[in-house]
Amino acid sequence: MRDVDFQSTLFDTVAEAPSVTRLAPERRALSHGAWLDVQRNWLTASDEVFATLVADVPWRAERREMYERVVDVPRLLHTYGIGEVLPHPVLTEAREALSAYYRPELGEPFVTAGCCYYRDGGDSVAWHGDRIGRGRSRDTMVAIVSFGDPRRLALRPRGGGESLSVTMGHGDLVVMGGSCQRTWEHAVPKVAAAGPRISVQFRPLNVF
């Protein structure tokens with residue numbers, strides 16, 4: 001793993017341990033029954049978590065077929081499955097808090113944690129919806145906690161319509177819910193310059 005050049009937040013202190021704050025996200029209703037929840041600075045003292053993720057996650061590079069050729073996936077990946085120990089205890093705390101808060105709507109807990117490492121502005125993810133598994137046919141949720149440099153999460157309706165974007169900063173939470181995975185697409189576009197950023201995506205059973 002190469003050296004990481006990330007500007008630590010001015011708000012973290014040596015004495016402060018990472019923790020999640022009370023969940024009180026702001027919701028934005030989208031079209032076709034989709035919605036987006038956003039809570040800034042939900043996870044505090046995030047520098048320690050970022051450093052742990054960089055060092056301890058068994059990151060892998062992937063290659064995928066695209067447009068009749070095999071290309072490098074422009075980010076590093078790892079997924080923690082059901083029952084696997086997460087790399088930092090505050091991530092377990094975050095998953096449990098999300099499960100408790102959203103259970104009345106979701107009807108089930110978040111059980112997996114997918115991790116994406118965007119090493120610089122050239123790393124990205126193309127337009128897509130998490131529609132493998134149950135997300136293809138029913139409403140579900142994907143909760144994303146972001147660490148590191150801010151990056152833009154872009155969203156657009158499938159089939160055309162007004163798009164929007166949310167800049168996810170260090171410790172921010174974004175939850176895509178309702179029909180969002182079926183009726184909207186999302187992406188993290190390339191940018192000219194950016195420092196490293198890691199996203200952790202909590203999902204229910206059989207949503208990919």
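Bear in mind these aren't lab numbers, they're just calculated from the coordinates by the rules spelled out. Source: prediction; values computed, not measured. Virtual Cβ from ideal backbone geometry, glycine too; neighbours counted across all protein chains shown.
General remarks:
- When only Cα pairs below 8 angstrom with a gap of at least 6 residues are kept, the range 71-208 shows a relative contact order of 34 percent.
- For the range 15-102, trypsin sites (Lys or Arg not before Pro) are listed when DSSP marks them as loop and at most 16 other Cβ atoms sit within 10 Å of their Cβ; the list is R22, R40.
- Computed lengthening from E96 to V191, 0.36 nm per intervening residue step minus Cα-Cα distance: 30.9 nm
- Per-peptide average of other Cβ atoms within 10 Å, ordering 139-145, 29-35 highest first: 139-145, 29-35
- In the range 37-124, chymotrypsin sites (Phe, Trp or Tyr not before Pro) in a DSSP loop with at most 10 other beta-carbon atoms within 10 Å: Y67
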